[in-house]
DNA sequence: GTCTATACTAGGATAGAC
DNA sequence: GTCTATCCTAGTATAGAC
């Protein structure tokens, strides 16, 4: 029962956002022209301005949507268990799944902060800080319970996040490693960095069992 | 005995490169205009073209010089010891010292690859690969000698490098941590990631001694 | 070595017709 | 909802005087 206009609007709106993500990711926000975005969608620049008031507006929506998804997935992961090891595993899975299932969007979110206007940037940074706080909480939990051994919690959090974001730079779908393999490898590195020796129930415990003699 | 012209040339040349580094680092290569560089140096755009044939040429020289320095410092560090633990410490110190003593240059080198022309980019990537190979060698040495325990050497190398580059994003001179403190903290995280338990002679050993009871 | 002046292209954004 | 046409600014780069 929706009108043709509504359907068109939703189509074009999403197509514009997708084109912007792709171009911002490969050429950067500053070097991407409003004309290129229009060309990619098959519209004129004038039509673009029917959907977004400015180029900056496109970036803002990409960032807010993406970080919002990441934050709520992260919150779910944190609520899924009170074991800090499970929390770290959950956050790793959320982060890497997000990065791997849409690497372009992840690159834009990670690299193009600076082009937002002051007030916009603040609201986006608040989202990012809330997300990073989840990691800080998980690390602090594990440290308090004696499961992790962390000398500098802030640096460790930053190192973990940078490590994960690194995947954004080289991950390609159809690459040599599956998402599951990547998550597994990052779990291993993360627990090494956190000096977490005690085995977990679940996949890691099963793995350990499979490798030990009967 | 040098002529006034020569002195001027060297001055302007360096001032132009410095201005370009600063602007490329804060606004990105694509968003930096040749006019802004000229303004910052106090010259006209026409004068800039006396020193560099294109804007791209400036970026190329910044990258080649910087990566050249990093590579030769890294090679010295590797030749300084055959103990993989010392090699990793040396590389960490080289990398973090470079990043901390000129964060703008480090950011440009790290982020603006894509704007080089095909052939230029290849020569620059060769430099970067040679530098990363130093890390790969140190990790492989430690693994072979049983000092490190690394499941995926490539991912571990990438994680270490990303971790260090992270410092580029938040390090500010006059910040809360001195360079020595940062290097120390990163040594700790790096050896955790490499699952290296055996203590080293040198600063870490001294530290451990200071903390243990007499 | 540095300037003035200028060529040419592309940038973001808007008015108003359909 | 999408178009044509256009405004104004800023981009890189060059020629030629001093």
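Test residue B:67 against the criterion of being away from DNA strand D (no atom under 16 Å from the Cβ) and within 14 Å of chain A (Cβ to nearest Cβ), and give yes or no.
Numbers: away from DNA strand D (no atom under 16 Å from the Cβ): yes; within 14 Å of chain A (Cβ to nearest Cβ): no.
No: the conditions fail for residue B:67.
Each row is one residue, and each column tells you yes or no for (1) farther than 30 Å from residue A:55 by Cα; (2) within 14 Å of chain B (Cβ to nearest Cβ); (3) modelled with pLDDT under 95.
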residue: A:105; (1), (2), (3): no, no, no
residue: A:181; (1), (2), (3): yes, yes, yes
residue: A:185; (1), (2), (3): yes, yes, no
residue: A:190; (1), (2), (3): yes, yes, no
Inset, instruction - Confirm whether residue B:19 is outside the structural domain of residue B:129 (by TED's automatic domain parsing), in a helix (DSSP H, G or I), closer than 18 Å to residue B:104 by Cβ and within 16 Å of DNA strand C (Cβ to nearest atom). - result: yes
Inset, instruction - Collect the residues in segment B:37-60 that are closer than 21 Å to residue A:31 by Cα, assigned to a helix (DSSP H, G or I) and near DNA strand D (Cβ under 6 Å from one of its atoms), keeping them in residue-number order. - result: B:45, B:55
Inset, instruction - Taking residue A:49 as meeting all but one of (1) out of contact with any helix residue (DSSP H, G or I) (no Cβ under 6 Å at 6 or more places or on another chain); (2) within 14 Å of another protein chain (Cβ to nearest Cβ), write down the number of the exception. - result: (2)
Inset, instruction - Quick one: residue B:129 ticks every box in (1) in contact (Cβ under 8 Å) with a residue 40 or more places away in the chain; (2) away from every other protein chain (no Cβ under 13 Å); (3) assigned to a helix (DSSP H, G or I) except a single one, so which number is it? - result: (1)
Inset, instruction - Answer yes or no: is there a residue in segment A:38-53 that is in contact (Cβ under 8 Å) with a residue 12 or more places away in the chain and within 22 Å of residue B:111 (Cβ to Cβ). - result: no
Legend entry - residue A:30 being assigned by TED's automatic domain parsing to the domain that holds residue A:9, closer than 24 Å to residue B:29 by Cα, at pLDDT 95 or above and not in a loop (DSSP other than H, G, I, E, B): no
Inset, instruction - Look through segment A:132-176, keep the residues that are assigned to a loop (DSSP other than H, G, I, E, B) and closer than 25 Å to residue A:100 by Cβ, and return whichever of them is nearest to the chain's Cα centre (by Cα). - result: A:171
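From A:74, A:90, grab the single residue that is crowded, with 16+ Cβ neighbours inside 10 Å, touching a residue at least 60 places away in the same chain (Cβ under 8 Å) and away from DNA strand D (no atom under 16 Å from the Cβ). Don't jump to the end; show me each part of the working.
Values: A:90 fails: touching a residue at least 60 places away in the same chain (Cβ under 8 Å).
Just a single option satisfies the conditions, and that option is A:74.
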Legend entry - Verdict on residue B:37 being more than 25 Å from residue A:23 (Cα to Cα), within 10 Å of DNA strand C (Cβ to nearest atom) and either within 25 Å of the chain's Cα centre (by Cα) or within 14 Å of chain A (Cβ to nearest Cβ) (or both): no
Legend entry - Scan of segment A:177-202 for residues that are over 14 Å from residue A:89 (Cβ atoms) and in a loop (DSSP other than H, G, I, E, B), ordered by number: A:177, A:178, A:195, A:197
Inset, instruction - State yes or no: is residue A:99 within 14 Å of chain B (Cβ to nearest Cβ), more than 16 Å from DNA strand C (Cβ to nearest atom) and in a helix (DSSP H, G or I)? - result: yes
Inset, instruction - Within segment B:144-157, work out how many residues are surrounded by 14 or more Cβ atoms within 10 Å (Cβ to Cβ) and touching a residue at least 24 places away in the same chain (Cβ under 8 Å). - result: 5
Legend entry - Cross-chain or 6+ apart pairs with Cβ under 8 Å, segment A:20-36 first and over 18 Å from residue A:172 (Cα atoms), then surrounded by fewer than 15 Cβ atoms within 10 Å (Cβ to Cβ): A:28/B:114; A:34/A:45; A:35/A:45
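The values are calculated or read from the model by the stated rules, or taken from the named source; none is laboratory data. No experiment lies behind these values; they were computed from the predicted model shown. When we count neighbours, we look across all protein chains shown, and the Cβ atoms used for this are built from the backbone with ideal geometry, even at glycine.
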